[in-house]
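The values are calculated or read from the model by the stated rules, or taken from the named source; none is laboratory data. Because the structure is a prediction, the values reported are computed rather than measured. FYI the Cβ positions are ideal-geometry reconstructions off the backbone, even for glycines, and counts take in every protein chain you see. Keep in mind that these areas ignore ligands, DNA and RNA; they rest on the heavy atoms of the full protein, side chains included. Shrake-Rupley method; radii C 1.70, N 1.55, O 1.52, S 1.80 Å.
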Amino acid sequence: MLKGINKIITPDLLYVLAQMGHGDEIVISDGNFPGETMGKRTLRADGSDVPELLSAVLELFPLDTYAPPVYLMDKTAQDKDLYVPIWEEYRRITAQYTDAEPVFLERFEFYERAKNAFAVVVTGESAIYANIIIKKGVVK
């Protein structure tokens, strides 16, 4: 065990975060995301929800300041009128670490970006459109 690390950060996730370099991206996804299909490295965090894990990761992980650091999966046309409350939670969490607004990516554009991510962490999150990509910055 280590001191000062949130207990939901698994050893495997801690190792992945430490391996990542400036500009690398990680997906933290809901439980419906096809993580095994998308990710080169896929980790499971079924006992966590995305906001909880996002908060814990951002305590250890600097966000990029040279490029947009946060990406969200946008709603499809059939869901255009759907309210997605989890996005406000993501804005509240990420605003503690960046002034940048999230960039919304169309579903298949998000999937393509996820395929190039350093890792995908699939959570037990049940909210829809709860997938987020964060870009690692420089530790100062």
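Just a few scattered comments:
- Those chymotrypsin sites (Phe, Trp or Tyr not before Pro) in the stretch 1-91 that DSSP places in a loop and that have at most 12 other beta carbons within 10 Å: Tyr66, Tyr83
- Its DSSP H runs of at least 4 residues, each contributing -39,500 (n - 2.57), put the calculated 222 nm mean residue ellipticity of the chain at -7500 deg cm²/dmol, to the nearest 500.
- Rolling a 1.4 Å probe over the protein heavy atoms of the chain, with every protein chain left in place, gives an accessible area that is 51 percent carbon and sulfur.
- Annotated for the stretch 47-140: lysine pairs at least 8 residues apart or interchain, Cα distance under 27 Å, count 7.
- Size of charge dipole - the chain - debye, nearest 20, with Cβ of Lys, Arg +1 and Asp, Glu -1, no other charges: 460 debye
- Dipole of the chain, positive end: most advanced residue of Pro11, Ala45, Ala130 [Cβ charges, Cα centre]: Pro11
- At most 12 other Cβ within 10 Å, DSSP loop - trypsin sites (Lys or Arg not before Pro), the stretch 1-105: Lys3, Lys7, Lys40, Lys80
- Accessible area of the chain divided out per residue, in Å², using a probe of 1.4 angstrom: 54 Å²
- Sparsely packed GluC sites (Glu not before Pro) within the stretch 50-106, loop by DSSP, other Cβ within 10 Å at most 11: none
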